[in-house]
Amino acid sequence: MALLTCDFFSEALEFGTTITVVLPQPTVGQVGVDPGADADAPPPLLYLLHGRSDDHTAWLRYTSIERYATAAGVAVVMPAVARSFYADEAYGHRFWTYLSEELPSVVHRFFRVGERREETFVAGLSMGGYGALKWAFHQPERFAAAASLSGAVDVVGLSQDPERRDELVDRVYGGEPGPGEDLYALLDKAEPEALPDLYLSCGTEDFLHDYNVRFVEALRSRGLDPVVDFRPGEHEWGFWDTDIQRVLAWLPLPDRAG
């Protein structure tokens, strides 16, 4: 596996930014590492999104994502979006435009990775779980699967909770999240059959657990059948290190077809 830190200028953000990238490299002599699939075709691509207190290095620092992706034969792109909630901030920068429009074009310009819907996936934790679902709902034609790990799936509800609301709500949303930021509003507008496969997990002791339970009920009310993994656990990296392994095993990778 090759591990890269890629620094480049973002036109959407109007400043330099960084992505961490893991690329498959089938090997024979590397000790203790599953070499993954040996294939000439570009590898499937997973966009892996960070949480509110993290950056593009977090998944690499706190989980074994490099080793897990190697075994799965999946390329992983981890962008940095600060504390933006993957939005075009009211008083800040255009992180949503960067993520949903600019980043994919940059990735495919710089790296040899899969471009078809059936080989492109998105996942994230906490703020990033919300971001993964938001991206999948806005652009379902881009992804075959989307996974939210302990996701902040109800930004409207969180913004109205006096114990959870903070300065981010005003800086990011200029008051309250609009319909384009609200997963419930996006779900109401979506064509269920057009959405990618969905996976939601959350620890039963996580402060976001009840929000996730309600969102799963909303998905099912629209006729969707997400994979749901609610089990004992809190909002912490040990839980997510296990989760990302489960997500990689669940992804409908092209070589698992049938």
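Read-outs throughout are calculated quantities, based only on the coordinates presented, and are distinct from any laboratory measurement. Computed from a predicted structure; not experimentally measured. Every residue, glycine as well, gets a Cβ built from its backbone with ideal geometry; the counts of neighbours run over all protein chains shown.
To the nearest µm²/s, what D does Stokes-Einstein give for the range 50-159 at 25 °C and 0.890 mPa s, using the Kirkwood radius over alpha carbon pairs as Rh?
Working: Rh = 14.5 Å.
The estimated diffusion coefficient comes to 169 µm²/s.
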Next item on the list: Determine the distance separating the Cα centre of the range 87-152 from the Cα centre of the range 223-258; give it in Å without decimals.
Entry: 17
Notebook entry, point to check: How would you rank C6, C202, going from fewest to most other Cβ atoms within 10 Å of each one's own Cβ?
Noted result: C6, C202
Item checked: Footprinting exposure proxy for K134, K189 (fewest neighbouring C-beta atoms within 10 Å first) -> K189, K134
Item checked: GluC sites (Glu not before Pro) restricted to the range 110-189 and DSSP loop, no more than 14 other C-beta within 10 Å -> E115, E141, E163
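Which FRET efficiency value, to the nearest 0.05, do you get for T242 and Q139 by plugging their Cβ-Cβ distance into 1/(1 + (r/R0)^6) with R0 = 25 Å?
Numbers: r = 28 Å, r/R0 = 1.13.
Working from the Cβ atoms, E equals 0.30.
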Next item on the list: Taking the Cβ of each residue in S126, S64, S221, S100 as the centre, tally the other Cβ atoms inside 10 Å and list the residues starting with the fewest.
Entry: S221, S64, S100, S126
Notebook entry, point to check: Over the range 100-145, with a single point scatterer placed on each C-alpha, what log10 of the ratio I(q)/I(0) does the Debye formula yield at q = 0.14, 0.16 1/Å?
Noted result: -0.33, -0.44
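For the chain, what is the calculated [θ] at 222 nm in deg cm²/dmol (nearest 500), taking -39500 (n - 2.57) for each run of four or more DSSP H residues and dividing by its residue count?
Numbers: 9 runs with 79 residues, N = 258.
Result for the chain: -8500 deg cm²/dmol, rounded to the nearest 500.
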